[in-house]
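I have placed the structure first, in the form of structure tokens, so that the comments after it can refer back to it.
The values are calculated or read from the model by the stated rules, or taken from the named source; none is laboratory data. Computed from a predicted structure; not experimentally measured. Cβ coordinates were reconstructed from backbone atoms using ideal geometry, including for glycine residues, and neighbour counts include every protein chain displayed. Calculation scope for accessible area: heavy atoms of the full protein, side chains included, ligands and nucleic acids excluded. Shrake-Rupley method; radii C 1.70, N 1.55, O 1.52, S 1.80 Å.
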Amino acid sequence: KDSLDPLLIAALLMQETNCNSQAGFPYKTSTKAYGIAQIVPSIWCKEIDFLDDKIGKCAIQLQNPQISILSAAYILKENYRTQPKKFEGSCLVEYSSKSYSGWAAALRGYVGWGCASGHDSYVTDVILLYTQLKEKYDNLD
């Protein structure tokens, strides 16, 4: 339960870029997010040891799918480790009192805790993709 399921990373990548390893800036939004996992260098480059702390160099590193995926895993694990958190300030009433814990909170933290346009259903969307992946691939031998 406390370990990061690779299928959750796969679901996150599907949500972020539809697993497009050529995703760059900007992929779907105007945020300065890079790579298959759409990581924002100005937030994470100085936090993740294996990334260059210079934003320009870090952005280039994040174009490498392996580095981007490892960075996404680091971010989710870090978010999970720093629980509990409550998401407040949603733009939509249906999500305004939503509370998250565990890996759902880690996902919410991945996209941001604030009121970001188009991100209110982010956790729900990723969990749906994750559930579909689990149903399809979890019992393969």
Filtered residues of segment 38-60 (kept if under 23 Å from LEU107 (Cβ atoms), assigned to a helix (DSSP H, G or I) and open to solvent by 50 Å² or more (accessible area, probe 1.4 Å)): SER42, ILE43
Verdict on LYS1 being modelled with pLDDT of 90 or more, surrounded by fewer than 21 Cβ atoms within 10 Å (Cβ to Cβ) and not small (Gly, Ala, Ser): no
Every residue from segment 12-21 that is touching a residue at least 60 places away in the same chain (Cβ under 8 Å) and over 13 Å from ALA73 (Cβ atoms): MET14, GLN15
Residue check for SER96: at pLDDT 90 or above, among the hydroxyl-bearing types (Ser, Thr, Tyr), out of contact with any helix residue (DSSP H, G or I) (no Cβ under 6 Å at 6 or more places or on another chain) and on the phi < 0 side of the Ramachandran plot: no
